[in-house]
Amino acid sequence: MAKVLAAVPKHSLESVLVAVELVLKSGHPSAEHVENVINRLKPVPVQACIETDLAVTEVPLGDTSRYDRLRMEMSHAMGTALIASRSVTNSSRA
């Protein structure tokens, strides 16, 4: 309760009351939930448009197969590293 009341000076009484009402309707009241709802109700600041001389010279492509190729390369590399580490471990035991 104290956390909810402490939010009043920071967010305004009206914002806290709206958030409390929504949280009570959800059936899972908690101070953290109230804070979360208050923050979700805030308007998102619009990012300013930045002027620049930069331009895209190559159109990006959604190449999901590239990810699969990289993953396979990594698994092969990891397999090679694993085999190498096993051979070092086995040779140190001898």
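Laboratory data are not the source of any read-out in this text; all were calculated from the coordinates shown. Predicted, not measured: the structure shown is a model, and the values here were computed from it.
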Would you kindly state how much longer the chain becomes between Arg40 and Val8 on full extension, computed as 0.36 nm times their sequence separation minus their alpha carbon distance, in nm to one decimal?
10.0 nm
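At 0.36 nm per residue, and after removing the present C-alpha to C-alpha distance, how many nm does the segment from Leu22 to Gln47 gain when stretched out fully?
Numbers: separation 25, 0.36 × 25 = 9.00 nm, distance 2.86 nm.
Net length gain for the segment: 6.1 nm.
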